[in-house]
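Notes for the one structure printed next.
The values are calculated or read from the model by the stated rules, or taken from the named source; none is laboratory data. All of these numbers come straight from a predicted model, not from anything done at the bench. Methodologically, a virtual Cβ is constructed for each residue, glycine included, from the backbone with ideal geometry; neighbour enumeration extends over all protein chains shown. To get the accessible areas, we keep the full protein, side chains included, count just its heavy atoms, and leave off ligands, DNA and RNA. Shrake-Rupley method; radii C 1.70, N 1.55, O 1.52, S 1.80 Å.
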Amino acid sequence: ESVFPMLWINIIVIFLLFSNERMYPGKGKTGVIELKKIFSVVGGSFLAILIFTYSWNSIIDISRLFFVTYWLLSTILIASTRLFLHNRGSLLDWWNEPIIIIGDYENSKDIVDKLKISRRMAYKPIVCLITDQKFISSLYNGVKFIKYSDQAQLDFKKFGIKTALIIDHSFFNNNFKNKQLLKSRLIFSTILIVMENSPISSLSLKSIDI
């Protein structure tokens, strides 16, 4: 009798913890980061179950082997299901969110390559606005590269782009960077900051709440 309440509690707690960690739909996370969060969320939910069952004096009725097996199977099932959904979903155009990248030419190319490889992050670069002083428009890996301007940001927002990804280390002048952040925050609903020296295995993105 104590098993079924435990199952319902587990489902509710996992849902709440996943929501709190912004795991629905979970875009913007590499496989390594998501796997770590899954382990922490599922582990936290089972800790809550232990506290609940102990307080209701029902822990004695639950086999330890069953409890450990259930924890391992839940972790594997959730991780495998999310991996399958993200990998299959990333092949669909509507799954990926169109974004605009703002930064210097070399770093922008690097970020485009990382996002193309790590499809499960669900970000699709549409255009890169290059902050280099002298730059001629070009095409790289299927993405347009054009010279940055305030008007360009407004123009591409009209195409439904709501998220801007700004490369933090592209700006050597903090005053210019702060002005750029302020302008972008007034145009796009979501701003993501790419931190310096971020490898593909853990692409470090920091969001700015609007």
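Details
- Complete set of residues in the range 141-169 that are open to solvent by less than 50 Å² (accessible area, probe 1.4 Å) and more than 21 Å from the chain's Cα centre (by Cα): 145, 146, 148, 149, 152, 153, 156
- Residue within the range 82-100 that is at pLDDT 85 or above, of a type outside the set (A, V, I, L, M, F, W, C) and in contact with a strand residue (DSSP E or B) (Cβ under 9 Å, 6 or more places away or on another chain) present: yes
- In the range 170-188, the qualifying residues are those that are assigned to a helix (DSSP H, G or I) and open to solvent by less than 40 Å² (accessible area, probe 1.4 Å), and the one that is modelled with the highest pLDDT is 187.
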